[in-house]
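Working notes, structure below.
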Amino acid sequence: MKRWLSHLVIQAGRRVAKQAAGLLAGLAMVCQAASAQDIPELKIGLMATLSGPAAIYGKHMRDGFMLAVKQSNGALGGLPTNVLEVDDKLDPDYALQQATKLIEENGVDIIVGVNFSKIMLAVHDPIVRSKTLFIGTHSGPAPIAGRNCSRYFFSTAQQDDQVHETMGRYASLKGYRQVVTIAPDYEAARDAVAAFRRHFKGQIARELFPKLGQTEFSDEFAQIEEIEPDAIYAFMPGGMGVELVKQFHTSGLKGLVPFLSSNTVNALSLPYTSEMAEGLFSAAHWAPNLDNPANKRFVREFGRAYNYEPSTYAAQGYDAARLIHFALELTGGVKDQEAMLSAISAAPFESVRGDFRFNSNQFPIQDFYLVEAVRRTSRLYEMEAVARVFDDVGDAYSGSCRM
């Protein structure tokens, strides 16, 4: 009888233990689900030119940004990150509509991106007026660096004038006395030439402004040959720049007249110009050979992820995502706007460009380099930093910024 009662007690105890274990497991699942629901999502609107002839710029920027998101396992600062990609189609009106949609319908926490100045000038003021955090990854027109600066806007790129100023300073350091400039005939290109002049102490022998879209430059090269300047300075983006480099190569001037440029010889044009661009110079705040751990990792992992070489546009996008990631780590994952503004201002990350901090207008204070197109292998050409032209420099418009 005692043995039977003991058996009943043991069996009952086992049933209670099983029920308790099941209850505890159920409670654990409920708690895990609740915890997952409690983790806020970080929603980012990424705006770039992703269609048409200029899509290559947006692709590089997007791929750089998304590489950093992947490196954080899809959770910048520990927050599950949803990136909403928007193609601005290089259309200011359409871009403004899409920015408004990102803010009002999608409720994004942050907007990043923008490759071109006409898009930036269309969307900047409406975005910052909505008090949405905005991180620019390339375009930096003068108004948003100066009188229209905003505490809600940061740049991981540069103010637009700075690469042109870098080449102007380099030309002066080389002792060039006469330079011919060549740029398309539109306002931003004229601004580029003006920025070059700001730091060039010699004489502009002639300013050449071929028609926008022109692809034949025999007349311009004939004028350059007649003038015999100490150097050429070219601001010729996109397809115009590719054709300019090709025709410079066959003009008989290569090797006789130094070719200085900005937004003309770069990682995006090198696949089309290859050996014809070898030895030509440009200016940049970043190059793949910069010797710091963050940059070495970026260049290595970007090539593995996308099977092509990164450009400055990719580096700017990558730094934007890393800036967000480490700012959120600084806030402990809190995406409150004031906390984020304070954390981002501290620039709490290692940039792929090395030295980096924000100026009073929230554009970077950084180094600028002379970069040269060099041959790495029989098929691979890269831009290599060969000299530092500016050390820890801010832009010309920060003094006009009043936040």
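The values are calculated or read from the model by the stated rules, or taken from the named source; none is laboratory data. Since this is a predicted model, take the numbers as computed values, not measurements. So basically every Cβ, Gly included, is an ideal-geometry build from the backbone, and we count neighbours across all protein chains shown. For the accessible areas, the whole protein counts, side chains as well, though only heavy atoms, and no ligand, DNA or RNA atoms are used. Shrake-Rupley method; radii C 1.70, N 1.55, O 1.52, S 1.80 Å.
Numbers for the structure displayed
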item: Gaussian network model of the chain, Cα within-10 Å springs - most flexible of Y381, Y308, Y170; result: Y308
item: Separation of the S218 and S345 label points, Cα + 7 Å toward Cβ, nm; result: 6.0 nm
item: Distance violations [Cα-Cα > 20 Å] among K43/K101; K101/K131; K43/K89; K89/K131; K43/K70; result: K43/K89; K89/K131
item: Solvent-accessible area, 1.4 Å probe, carbon plus sulfur percent, for the chain; result: 50 percent
item: In order through region 367-374: 3J(HN,Hα) via Karplus (6.51 cos²θ - 1.76 cosθ + 1.60), integer Hz, x for Gly, Pro; result: 8, 10, 10, 7, 10, 10, 6, 10
item: Modelled FRET efficiency - R0 41 Å, D291 with L84, Cβ distances, 0.05 increments; result: 0.70
item: Under 16 Å from the Cα of K246 - lysines, other chains or at least 8 residues apart; result: K254
item: DSSP bridge orientation in the chain - percent antiparallel, rounded to nearest 5; result: 35 percent
item: Contact order normalised by residue count of the chain, Cα under 8 Å, 6+ apart, percent; result: 18 percent
item: Heavy-atom accessible area per residue - the chain, 1.4 Å, Å²; result: 46 Å²
item: Under the span-like rule (Cα at least 27 Å along the axis, Kyte-Doolittle mean at least 0.0), DSSP H helices of the chain; result: 2-38, 312-331
item: Unit charges at the beta carbon, dipole of region 124-203: most positive-side option, A189, P126, P143; result: P143
item: Shape call, region 208-302: gyration tensor on alpha carbons, a/c limit 1.5; result: prolate
item: Region 290-309 residues near the modelled Y272 label - backbone nitrogen below 15 Å, point 7 Å along Cα→Cβ; result: none
item: Model label zone, Y306; criterion: amide N under 16 Å from point 7 Å along Cα-to-beta-carbon; scope region 315-349; result: 315-322
item: Estimated dipole of region 267-312 in Debye, rounded to 20 [Cβ of Lys and Arg +1, of Asp and Glu -1, Cα centre]; result: 260 debye
item: Modelled FRET efficiency - R0 25 Å, D336 with R402, Cβ distances, 0.05 increments; result: 0.50
item: Protein-only accessible surface order, largest first, of L212, L253 at 1.4 Å; result: L212, L253
item: Sequence-separation-based contact order of region 256-390, relative, with Cα cut under 8 Å and 6+ spacing, percent; result: 32 percent
item: For region 313-382, alpha-carbon Rg and Dmax in angstrom; result: 15.8, 51
item: Net +/- balance of residues flanking V180 in space, Cβ distance below 14 Å, scoring K and R +1, D and E -1; result: -4
item: Among L330, F358, P288 the positive-end extreme of the charge dipole of the chain (Cβ point charges); result: L330
item: Cα gyration tensor of region 145-184 - equivalent ellipsoid semi-axes, whole Å, descending; result: 30, 12, 8
item: Check: the chain dipole with +1 on Lys, Arg Cβ and -1 on Asp, Glu Cβ, in debye; result: 2160 debye
item: Cα gyration tensor shape for region 180-243, rounded if a/c is under 1.5, else prolate or oblate; result: oblate
item: Principal axes of the chain: Cα extent on each, largest first, Å; result: 121, 49, 36
item: Cα-based shape type of region 134-223, given that a ≥ b ≥ c are square roots of the gyration tensor eigenvalues and the cut on a/c is 1.5; result: oblate
item: Label point distance in nm, R375-T250, each placed 7 Å from Cα along Cα→Cβ; result: 2.0 nm
item: Length released on extending from K131 to K70, taking residue separation times 0.36 nm less the Cα-Cα span; result: 19.2 nm
item: Equivalent ellipsoid semi-axes, region 34-105, via Cα gyration tensor eigenvalues times 5, rooted, Å; result: 26, 17, 6
item: Inter-probe distance in nm under a simple model that places probes 7 Å from Cα toward Cβ, at N106 and V386; result: 4.2 nm
item: Cα centroid separation - region 363-395 against region 74-103, whole Å; result: 30 Å
